[in-house]
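The structure appears right after this line, and notes come after that.
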Amino acid sequence: MPERRTHDFETVSRPMLHPLHAILLAFPIALFTGALVSDIAYLRTAELQWSNFAAWMITGALVVGAMVLLWALVSAVLARRAGRVRAGGYLLLIVIMWGAGLVNAFQHSRDGWSSVGALGLLLSLTSMLAALLAGWIGFSAARRIAR
Amino acid sequence: MSRRLIILALAPFVLAACGPNERDLAQTGPEPQLPRQHETLVPPMKIARPAGWDGKVPTVPAGFSITPMASDLKVPRQILVLPNGDVLVAEGSGGGAPKVRPKDVIAGYIKSLGKTKVKGGDQITLLRDADGDGTAELRTVFIDGLNAPYGLAFVEGALYVANQDALLRFSYQDGQTRVAGRGEEVTRIPSQLNHHWTKSLAASADGARLYVGIGSNSNIGERGMAVEEERAVIWEIDRLTGARRTIATGIRNPTALAIEPTTSALWAVVNERDELGPQLVPDYLTSVREGAFYGWPYSYWGQNVDPRVRPQKPEMVAKAITPDYALGSHVAALGLSFATQGGFGGVFAQGAFIGEHGSWNRQDLAGYKVVFVPFAGGRPTGPPVDFVTGFLDEKGGARGRPVGVAFDPRSRTLLIADDLSNTVWRVAARAPG
């Protein structure tokens, strides 16, 4: 965590993400987490509605996540040298989140137990962890030279 | 770590691309070869896009002729020949189960690419070919205002129609070309969701009982087993009182029923489950054994357990019986009619004509033809023989898709409903000389 240097008016700290980007990222964070919880509920109860919930949440996460992915890609390309590593790491996490989510959407289109299974659970966990980590990086303060 | 995860996650895609295509498997007859299950993230799919007949006709064996008896119908599905030779055609398409997953939306769209754009007629059309030239010169709307009619039966002056939600009786006078009224309800038929909506129908040989085939409400129970009450079953109904009992269960989608003429036994063609691979599970032709459980959804072709169904029920799997005769995986048998009174003679004297609507869940198109399964002593005796083909064009498009078939012993013709080109085809033995 960068320390905040209030005595130095030449530097300000703000989160890495634009507020709109941050709002968009909030969707996959919540939806992939919900999908994981639903998957666990399905595997414990064999009640198919849980798998259906997860399928819709994953789809929703992919739709909004696609905009996040695009934004992260553009940001990484345009990043100045100082922020390049961070932007690249953030992009990698979003790619993992979205890629695992896409495979998981197909997994959840299978019928019955095969709609989740070990692979579905693993993919939901992967997407959730990648989304949370990306959020941690994106919402943390970045040190920038203001002037 | 992450790369390994991605590779692991993508493995099923790759497997789907180079999965086994065991085309040489023998999947017809009493002992089909069953490959191991092969589930993939995306099921193998090939949709034959509608191509149109363009003046051509289906291919029939030497010594036969085929003509379009009527065209521009509104999704013709099943056919019945009345005692005076008039032909009734049930037109409609039902279903409309709610889409509960993103998959339902996408799969519904993909499958619609292989179907007609015409809206189902919800009616029965009468065709009369009095001069026997193969073309109907009289055509009337016999009954309208129906609800996705499918199964048809005629017993003692009454026509029975299986709508997607009820079995109806209409009284009939010889020569009638139009029936007024809503009909009389013999019994309701389970219609909640109607994932598989077609209600097949046949009358017992003595006419006392009617049999209704009721398909499952899902592929393998993925809508929950609560909606599968009295689904994937065959009902026996007392024709006069409407009293009914369930005579067979676990019979996934019995799309056509017929009485074998030498033994008077009830036979059915049944559509089996999807998404276990291109060569699973074979659709089948079977005699319907009283009280039998045919496995769905817990197992297929006897006691091969379906891993997708939870909770599993080993005690049900133990009860499952093996059907009589496999027709091939995903061929979608929708029509069944026995040759009666000597049939067409020769190879086609005794046996069952079967309309195969055609596959979507395999890379190589299967079905899309009418086959003949030879019988002797009331049992199938050999491999299926192609009877009517040519429903696919050279480019893999579909000119038509056969559904119901009806053999008429008086005119010695086989009628075939084609719900893609919306035609009724009439196959006749060419006069000798």
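Quick look at the numbers
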item	result
Unique residue being at pLDDT 95 or above, part of a loop (DSSP other than H, G, I, E, B) and in contact with a strand residue (DSSP E or B) (Cβ under 7 Å, 6 or more places away or on another chain) when the list is B:Thr286, B:Thr340, B:Thr322	B:Thr340
Members of segment B:264-278 found to be within 17 Å of B:Pro30 (Cβ to Cβ), part of a loop (DSSP other than H, G, I, E, B) and not acidic (Asp, Glu), listed by number	B:Ala265
Neighbours by Cβ (under 8 Å, 6+ apart or cross-chain): first from segment B:315-335, over 22 Å from B:Val305 (Cβ atoms) and without any contact (Cβ under 8 Å) to a residue 40 or more places away in the chain; second part of a strand (DSSP E or B) and of a type in the set (Lys, Arg)	none
Matching entry among A:Gly89, A:Gly65, A:Gly99, A:Gly83 (being more than 9 Å from every other protein chain (Cβ to nearest Cβ) and either crowded, with 19+ Cβ neighbours inside 10 Å or at positive phi (or both))	A:Gly65
Neighbours by Cβ (under 8 Å, 6+ apart or cross-chain): first from segment A:19-38, surrounded by 23 or more Cβ atoms within 10 Å (Cβ to Cβ); second small (Gly, Ala, Ser) and modelled with pLDDT under 95	A:Leu25/A:Gly138
So B:Arg128, is it over 23 Å from the mean Cα position of the chain (by Cα) and within 14 Å of chain A (Cβ to nearest Cβ)	no
Any hit, segment B:269-277, residues being closer than 15 Å to B:Gly328 by Cα and without any contact (Cβ under 8 Å) to a residue 60 or more places away in the chain	yes
Breaking point among (1) part of a loop (DSSP other than H, G, I, E, B); (2) touching a helix residue (DSSP H, G or I) at 6+ places or on another chain (Cβ under 9 Å); (3) surrounded by 17 or more Cβ atoms within 10 Å (Cβ to Cβ), for B:Lys103	(1)
Strands (runs of 3 or more DSSP E) contained entirely in segment B:42-97, each with at least 2 residues that are farther than 19 Å from B:Glu356 by Cα and in contact with a Lys or Arg (Cβ under 8 Å, 6 or more places away or on another chain)	B:64-70
Sole residue being in contact with a strand residue (DSSP E or B) (Cβ under 7 Å, 6 or more places away or on another chain) and in contact (Cβ under 8 Å) with a residue 24 or more places away in the chain, chosen from B:Val100, B:Val75	B:Val75
Residue list for segment A:14-36, filter: of a type in the set (Lys, Arg) and either under 13 Å from the mean Cα position of the chain (by Cα) or closer than 17 Å to A:Asn52 by Cβ (or both)	none
Candidate set from segment A:109-142 (those that are outside any helix (DSSP H, G or I) and within 19 Å of the chain's Cα centre (by Cα)); member that is nearest to the other protein chains (Cβ to nearest Cβ)	A:Ser140
Answer residue from segment B:182-240, given it is of a type in the set (D, E, K, R) and under 28 Å from A:Ser109 (Cα atoms) and is surrounded by the most Cβ atoms within 10 Å (Cβ to Cβ) among those	B:Lys199
Matching option when the condition is within 12 Å of chain B (Cβ to nearest Cβ) and aromatic (Phe, Trp, Tyr), among A:Phe32, A:Phe53	A:Phe53
Boolean, B:Asn253 is within 14 Å of chain A (Cβ to nearest Cβ), surrounded by 24 or more Cβ atoms within 10 Å (Cβ to Cβ) and of a type outside the set (Asp, Glu)	no
Condition check for B:Ile106: within 14 Å of chain A (Cβ to nearest Cβ) and of a type outside the set (D, E, K, R)	yes
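The values are calculated or read from the model by the stated rules, or taken from the named source; none is laboratory data. Please read these numbers as outputs of a predicted model, since none were measured by experiment. A quick note on method: Cβ atoms are made from the backbone with ideal geometry, for glycine too, and the neighbour counts reach across all protein chains shown.
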